[in-house]
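The values are calculated or read from the model by the stated rules, or taken from the named source; none is laboratory data. Given the structure is predicted, the values throughout are model-derived calculations rather than measurements. With ideal geometry, Cβ positions are generated from the backbone for all residues, glycine too; neighbour counts draw on all protein chains shown.
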Amino acid sequence: MNIFQSRHFREFKIVLILLGLWPSQPPLQRNCTRFVVILAILSILTPKMIKFIKLIHDIDGAIECLPMIIVHLVSLTKYLNWILNANKLKTLFALMERDGEILEVDQDIKIMEDWLERIRSVGATYTTGIFSVLGTFLVSPAIPKIMDIINPLNESRPLINLYETEYFVDQQKYYLYILLHAYMTVPISVAVLVYFDILLGTHVYHACAMFKILRSYLETIHLDIHNITDRDQRKSEIINRKIIHCITIHKNTLEFTDELESSYSTAWLIMLTLCTFVITLTGTVAVMKLDKPMDAIKYISFSSGNVCHLYYTTFQGQQLIEESTAVFHSAYFSDWYNIPPQYQRLLIPIMIRSMAPCKISAGNIFILSMDLFSSVIQKAMSFFTLLSSMR
């Protein structure tokens, strides 16, 4: 099976090329694209940082600046992680291609295609949700202009700034240009956030598919071992080949998950810290803006998007944990104790290793899982209460 000819990869490859992250992309094209993406993120991050520094002694003003700053820092962290781990990313794609080559049975191909279609569907839903939040955020400055047309007053309604920035110009006079700059750069930063997560999901779902294929073999071993005798050489060879195939799949998938863990671990430690603060701060700013409903809605939607972002990634980690540990149960309930002793010794290492789940960690400290999601939300609410009491 050629995994990269699947529907998911045919579509996703285009996005990775546009972001300069496809491994086989021509070096000149890749480097130029990366330069443009980094320039776009830095060009919007810089005026926000300048404004934050100017407002550092104004608690409310500083808090209002921080959410968007942190979002762009998360985006930059993800993108730099991709660049710095380009060789690991290339290795992951090579391992996926290798895994695809050993899938020759229709059942195995069907399992892989089902998981790839699942991440395609989940990714489409996630992308739609995040960009819908982004759309709500970006459209807020246009509302006063629309209201001036629908329900005009004796004077124009005050302009809404998308976020706090400092360009060292008259922001009322150059309002349109500042807004256009945001519309050109913020979607790029958000796209990096979204497609980094979808790539993580793609890798996780590939590993889950391989574990599922392994389980399908383990769960059917008992069909081959009934009535086996020492003289039944042919059936004995079938079981031998099947178990060796299981060992190969398990070893290859563990190699893939180890590479996956090392590729994302450091970046996720940084991102997890930043995500906790951005959820806290956007909630705080939303409360601060309750007297300005349009601004409040903007930050509430922004906070919701960050919660969805955290949920998506921790859910991927939970999927990997569950599918990897399910291998133990499939092996244990395969009637392995009825297999001749020489084959039992081959299955036992699979069972022992599967008792320890494969995982994605944040700096080898926190494990991406639904428990972590609950913990982060709880801590974010605690910080939110603390910040609210300080105001």
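Residues that are among the aliphatic types (A, V, I, L, M) and more than 30 Å from Tyr126 (Cα to Cα) within segment 314-353 comprise Ala331, Ile339, Leu346, Leu347, Ile348, Ile350, Met351, Ile352, listed in sequence order. The set of residues in segment 46-64 being over 23 Å from Ala296 (Cβ atoms) and either of a type in the set (A, V, I, L, M) or surrounded by fewer than 16 Cβ atoms within 10 Å (Cβ to Cβ) (or both) consists of Thr46, Met49, Ile50, Ile53, Lys54, Ile56, His57. In segment 100-137, the qualifying residues are those that are polar (S, T, N, Q) and at pLDDT 80 or above, and the one that is farthest from Pro187 (Cα to Cα) is Gln107. Does Glu97 fit the bill of being over 20 Å from Tyr195 (Cα atoms) and at pLDDT 90 or above? So Glu97 fits the description; yes.
Please specify each residue of segment 201-221 satisfying the condition of being hydrophobic (A, V, I, L, M, F, W, C), more than 10 Å from Leu320 (Cβ to Cβ) and part of a helix (DSSP H, G or I).
Correct list: Ala209, Met210, Ile213, Leu214, Leu218.
So which residues in segment 316-346 are hydrophobic (A, V, I, L, M, F, W, C), surrounded by fewer than 17 Cβ atoms within 10 Å (Cβ to Cβ) and either touching a strand residue (DSSP E or B) at 6+ places or on another chain (Cβ under 8 Å) or more than 18 Å from Thr253 (Cβ to Cβ) (or both)? Reasoning before the result, please.
Here is the first cut: in segment 316-346, the ones hydrophobic (A, V, I, L, M, F, W, C) are 320-321, 326-328, 331, 333, 336, 339, 346.
Remaining after also requiring surrounded by fewer than 17 Cβ atoms within 10 Å (Cβ to Cβ): 333, 346.
Matches in segment 316-346: Phe333 only.
Might you check whether a residue that is touching a helix residue (DSSP H, G or I) at 6+ places or on another chain (Cβ under 8 Å) and acidic (Asp, Glu) occurs anywhere in segment 289-307? So far as segment 289-307 goes, yes, one or more of its residues are touching a helix residue (DSSP H, G or I) at 6+ places or on another chain (Cβ under 8 Å) and acidic (Asp, Glu). Candidates Ile352, Ile360, Ile365, Ile377: the one that is surrounded by fewer than 13 Cβ atoms within 10 Å (Cβ to Cβ), within 28 Å of Leu199 (Cβ to Cβ) and within 30 Å of the chain's Cα centre (by Cα) is Ile365.
If you go through segment 282-300 one residue at a time, do you hit one that is at pLDDT 75 or above, under 30 Å from Thr136 (Cβ atoms) and in contact with a Gly (Cβ under 7 Å, 6 or more places away or on another chain)? No. Quick one: would you say Ile38 is part of a helix (DSSP H, G or I), within 21 Å of the chain's Cα centre (by Cα) and free of Cβ contacts under 8 Å to residues at least 24 places away in the same chain? Taking the combined requirement at face value, the residue does not satisfy it. Taking the criterion of being among the polar types (S, T, N, Q) and at pLDDT below 90, the residues of segment 239-273 that qualify are Asn240, Ser262, Ser263, Ser265, Thr266, Thr273.
Within segment 350-379, the set of residues being assigned to a helix (DSSP H, G or I), touching a helix residue (DSSP H, G or I) at 6+ places or on another chain (Cβ under 8 Å) and either farther than 16 Å from Leu320 by Cα or among the hydrophobic types (A, V, I, L, M, F, W, C) (or both) comprises Ile350, Met351, Met370, Leu372, Phe373, Val376, Ile377, Lys379. Here segment 179-215 is the region considered, the condition is being touching a helix residue (DSSP H, G or I) at 6+ places or on another chain (Cβ under 8 Å) and free of Cβ contacts under 8 Å to residues at least 60 places away in the same chain, and the residue that is farthest from Gln316 (Cα to Cα) is Leu179. Residue-level check: of (1) more than 20 Å from Tyr311 (Cα to Cα); (2) of a type in the set (S, T, N, Q); (3) in a helix (DSSP H, G or I); (4) at pLDDT 80 or above, Ser140 misses just (4).
Scanning segment 1-59 for residues that are basic (Lys, Arg) and in contact with a Ser or Thr (Cβ under 7 Å, 6 or more places away or on another chain) yields a count of 2. If only residues of segment 14-26 that are modelled with pLDDT of 90 or more and surrounded by fewer than 19 Cβ atoms within 10 Å (Cβ to Cβ) are counted, the one that is farthest from Ile83 (Cα to Cα) is Ile14.
Taken together, Tyr167, Tyr163 contain a single residue that is at pLDDT 80 or above and either assigned to a loop (DSSP other than H, G, I, E, B) or out of contact with any Phe, Trp or Tyr (no Cβ under 9 Å at 6 or more places or on another chain) (or both), which is Tyr167. For segment 20-61, which positions are farther than 16 Å from Tyr79 by Cβ and of a type in the set (Lys, Arg)? Those that are farther than 16 Å from Tyr79 by Cβ and of a type in the set (Lys, Arg): Lys48, Lys51, Lys54.
A quick yes/no check of all residues on (1) aromatic (Phe, Trp, Tyr); (2) closer than 22 Å to Val71 by Cα; (3) part of a helix (DSSP H, G or I):
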{"site": "Tyr299", "(1), (2), (3)": "yes, yes, yes"}
{"site": "Asn306", "(1), (2), (3)": "no, yes, yes"}
{"site": "Gln319", "(1), (2), (3)": "no, no, yes"}
{"site": "Glu322", "(1), (2), (3)": "no, no, yes"}
{"site": "Ser330", "(1), (2), (3)": "no, no, yes"}
